[in-house]
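Let me begin by presenting the structure, written as structure tokens, before commenting on it.
Rule-based calculations on the coordinates, nothing more; no lab input. As the structure is a prediction and not an experimental result, all values here were calculated from the model. Cβ placement follows ideal geometry from the backbone for every residue including glycine, while neighbour counts extend to all protein chains displayed.
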Amino acid sequence: MNTFSFDSRRFCFSNYSYEEAKVVLCGVPFDLTASYRPGSRFAPPQIRETSWEFEDYEFLTGENILTVPFYDSGDMDIMGGTEESLENIYSNVKSFVDDGKIPLAIGGEHLITLPIVKALLARYKALNMVVFDAHLDLKDTYAGRQLSHATVMKRVSELQQICSILYFGIRSATEEEKTLWMSRDDFFSHRGIDGLKRDIPLYISIDMDALDPSCAPGVGNPEPGGLTYREIYSILQELSHFTIVGADVVEISPPYDPSGITGVTGARIVRDLLFLIYKNLSRKR
Ligand SMILES: [Mn+2]
């Protein structure tokens with residue numbers, strides 16, 4: 001307790017117990033459906049290690065990370081095949097949610113969003129999604145699979161309690177995905193943040209390929225023409241008035257991140273999410 005020397009097993013400055021914490025960080029080292037550049041299973045330890053380069057004070061918010069009550073629960077055991085792993089992720093996250101915690105997951109690939117959202121829907125009647133991604137992930141099947149990083153938002157959109165999905169960073173899709181996306185402009189909230197009802201809890205999913213490959217090259221499916229870190233930061237600040245009940249940062253592939261820049265940026269975004277959720281909690285609850 002209250003020792004701040006480097007410890008690669010936990011995210012920087014995590015100094016609260018599980019009981020005291022409002023947010024539970026969890027590593028989800030799952031990348032079984034990766035199609036192009038696998039390796040996101042190695043991201044949680046990279047992000048934890050990198051997080052120690054940041055200092056405690058945050059200029060942009062005037063907050064100190066030491067005041068943010070979060071707990072790092074380490075990495076989940078991911079064994080077996082895809083369905084078994086998703087079940088395992090679901091039950092792990094559900095135990096946090098049942099204890100009244102806000103899960104903040106470090107992937108792993110984007111498919112992990114599905115069981116996390118399902119676990120939240122066991123507690124919340126409705127959810128809105130804000131998704132940062134280069135890709136729509138709205139394919140019905142991919143490589144013969146219904147469960148894939150490329151179908152994850154299709155599966156999420158099929159869950160009855162999901163009210164709306166708002167994307168940022170989209171620049172790649174199949175014709176079929178684009179048609180589905182455009183055909184339901186109420187559901188896919190083409191009106192932007194103003195189109196999201198504030199009384200519905202919010203889940204934030206950040207696929208790191210939303211960023212431009214010049215600032216985040218180490219991802220599973222890089223796509224030129226993306227967002228900058230500052231743009232993502234600004235959008236996140238606009239979400240501080242929503243009730244954020246969960247989040248994830250996914251798709252960093254350390255084997256394709258030789259300079260470590262994607263890991264640094266990912267760690268920074270995890271930290272921004274901690275500040276954001278805390279700011280939101282302090283205001284509302
Ligand atoms: Mn993507």
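Which FRET efficiency, nearest 0.05, do R123 and E20 yield, Cβ-Cβ r, R0 22 Å? For R123 and E20, the calculated efficiency is 0.60. One Cα centroid belongs to region 212-285, the other to region 172-193; the line between them spans 22 Å.
With θ taken as phi - 60° and the Karplus curve 6.51 cos²θ - 1.76 cosθ + 1.60 applied, the whole-hertz 3J(HN,Hα) list for region 11-17 is 5, 3, 6, 6, 9, 10, 7 Hz, x standing for glycine and proline.
Result for the chain in a Gaussian network model with C-alpha springs under 10 Å: among D272, D75, D56, the largest mean-square fluctuation is at D56. Between T61 and S214, the distance separating the two model label sites (each 7 Å from Cα on the Cα→Cβ line) works out to 2.8 nm. The sum of -39500 (n - 2.57) across all DSSP H runs of n ≥ 4, divided by the residue count of the chain, sets its helix-only mean residue ellipticity at 222 nm to -9000 deg cm²/dmol. Amide H contacts for V250 (H built 1.01 Å from N in the peptide plane; partners 5 or more residues away or on another chain; cut-off under 5 Å): G107, I206, D207, M208.
Once you have a ≥ b ≥ c as the square roots of the Cα gyration tensor eigenvalues for region 1-63, tell me rounded if a/c is under 1.5, and otherwise prolate or oblate according to whether a/b is larger than b/c. Here region 1-63 falls in the prolate category. Length available on full extension from S259 to F187: 0.36 nm per residue minus the Cα-Cα distance, which gives 22.0 nm. Entry note, region 129-240: relative contact order of 30 percent, from Cα contacts under 8 Å with a spacing of 6+ residues. Remark on L136: its backbone amide H falls under 5 Å from those of S172, a criterion applied only to residues 5 or more positions apart or on other chains, H modelled at 1.01 Å from N.
Could you please report the charge total around L120, scoring K, R as +1 and D, E as -1 over all other residues with beta-carbon less than 14 angstrom from its beta-carbon? Don't skip to the end; give the middle numbers.
Working: positive: K94, K101, K118, R123, K125; negative: D98, D99, D248.
Neighbour charge sum, excluding L120 itself: +2.
In order along region 122-131, the phi-based Karplus estimate (6.51 cos²θ - 1.76 cosθ + 1.60, θ = phi - 60°) of 3J(HN,Hα) comes to 6, 10, 9, 5, 8, 9, 9, 10, 10, 10 Hz; Gly and Pro are listed as x. Out of S157, S73, S234, any idea which swings most in a Gaussian network model of the chain, alpha carbons joined below 10 Å? It is S234. Amide H to amide H distances under 5 Å link Y167 with V131, where only residues 5 or more positions off or on other chains count and H is placed in the peptide plane. Summing charges over neighbours of D140, with a neighbour being any other residue whose Cβ is under 15 Å away from its Cβ, gives +1 when K and R count +1 and D and E count -1. Note on the chain: semi-axes of the ellipsoid equivalent to its C-alpha gyration tensor, largest first and rounded to whole Å, are 26, 21, 19.
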